[in-house]
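The values are calculated or read from the model by the stated rules, or taken from the named source; none is laboratory data. None of these values were measured; they are calculated from a predicted model. All Cβ positions, even for glycine, are placed from backbone atoms using ideal geometry, and neighbour counts span all protein chains on display.
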């Protein structure tokens, strides 16, 4: 007999996911994971027997519960459900899915909406970090309509501000997990490669496009059509995962640490054409960025990835700092990705003792697509 599970489907930023109350799912563990895999229709590259959309950005889950923590409204757990593997990962957070957490909390009655804007304090269990979201709620209801646009989503909607407080060490425990702004990794079949590993909101491993034969202007389809490049990018990510202690064997990273660190390629700003056919001029951006998601090219750019990129751009010596526009404002860093321009910011304090990242933030939109019952 099929199991009925109340849920909502919400587009958060450039991702789409299933949103649940914790009480409606089995307790955390194998049974919950099996339920989420069944609901998404994984493992299957089409996810034809579930609610997933056959790509990593539409195979995501948010699980919410009332919080007993002082000053916190809700606890939120993010789950990345693999499309083609029987894997559910809880390592790290997703900023895009996070932008739907505030609206969901209001829609399901966990938070009472204010008259104009509702400020929601969220504890993310994946990273043990506090997030603050601001959601438009005129007349006490979530407003999804508006003119704010983000690349990768058609039309406009109401903005949702997502801010992560004290974001350093979200997964690894420190802003520069290795203690270095730049490390050298020995990549099998390639050789030595300079990378920067930064952990702010989520850990990212950055490589320079020029160092691995890329321009930084590639679109997702171009990357996807290049198996040797895909393999190289995962080898780099795997070696970084090994260095961080996530895996013992770098070759097992796709299974044992599929979501972190997130592989990111950066380059100086340059003209390119977005996936929608728009010409993006170099002067519109502070750097080029291309991200990977679950071993495939991200169609746009992850929000937590953008937050971490803004933090990395503020840290002297990192590869991101080196390639970004010299006069870039890291409070409004303009990242040119396949879909267009994404802005993210980092508040930081630079002193003789080093740099401290106070907050990272960005703006997304969200839309409630469905509320009802899913079956597994």
Revision key, fill the gap. Inside segment 154-174, the number of residues satisfying the requirement of being out of contact with any helix residue (DSSP H, G or I) (no Cβ under 7 Å at 6 or more places or on another chain), surrounded by 18 or more Cβ atoms within 10 Å (Cβ to Cβ) and either assigned by TED's automatic domain parsing to the domain that holds residue 321 or farther than 20 Å from residue 106 by Cβ (or both) is 5
Check your understanding: Going through segment 1-43 one residue at a time, which ones are under 28 Å from residue 143 (Cβ atoms) and in a loop (DSSP other than H, G, I, E, B)?
Key -> 13, 14
Check your understanding: Which of the residues spanning segment 307-335 are touching a helix residue (DSSP H, G or I) at 6+ places or on another chain (Cβ under 7 Å), outside any loop (DSSP other than H, G, I, E, B) and either surrounded by 24 or more Cβ atoms within 10 Å (Cβ to Cβ) or not assigned by TED's automatic domain parsing to the domain that holds residue 266 (or both)?
Key -> 307, 309, 312, 313, 320, 333, 335
Review point. Do the conditions hold for residue 91, that is, is it in the same structural domain as residue 371 (by TED's automatic domain parsing) and at pLDDT 95 or above?
Key: yes
Review point. Taking segment 336-357 only, how many residues are touching a residue at least 60 places away in the same chain (Cβ under 8 Å) and either farther than 24 Å from residue 291 by Cα or part of a loop (DSSP other than H, G, I, E, B) (or both)?
Key: 4
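Residues are listed down the side, and each one gets a yes or a no for (1) at pLDDT 95 or above; (2) on the phi < 0 side of the Ramachandran plot; (3) buried (at least 18 other Cβ atoms within 10 Å of the Cβ); (4) not assigned by TED's automatic domain parsing to the domain that holds residue 93:
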{"residue": "8", "(1), (2), (3), (4)": "yes, yes, yes, no"}
{"residue": "11", "(1), (2), (3), (4)": "yes, yes, yes, no"}
{"residue": "14", "(1), (2), (3), (4)": "yes, yes, yes, no"}
{"residue": "18", "(1), (2), (3), (4)": "yes, yes, yes, no"}
{"residue": "24", "(1), (2), (3), (4)": "yes, yes, no, no"}
{"residue": "29", "(1), (2), (3), (4)": "yes, no, no, no"}
{"residue": "36", "(1), (2), (3), (4)": "yes, yes, yes, no"}
{"residue": "43", "(1), (2), (3), (4)": "yes, yes, no, no"}
Check your understanding: Looking at (1) more than 18 Å from residue 300 (Cα to Cα); (2) in contact with a helix residue (DSSP H, G or I) (Cβ under 7 Å, 6 or more places away or on another chain); (3) in a helix (DSSP H, G or I), can you tell me which one residue 211 breaks?
Key -> (2)
Exercise for review: Keeping to segment 234-280, report how many residues are surrounded by fewer than 19 Cβ atoms within 10 Å (Cβ to Cβ), free of Cβ contacts under 8 Å to residues at least 24 places away in the same chain and assigned to a helix (DSSP H, G or I).
Suggested key: 4
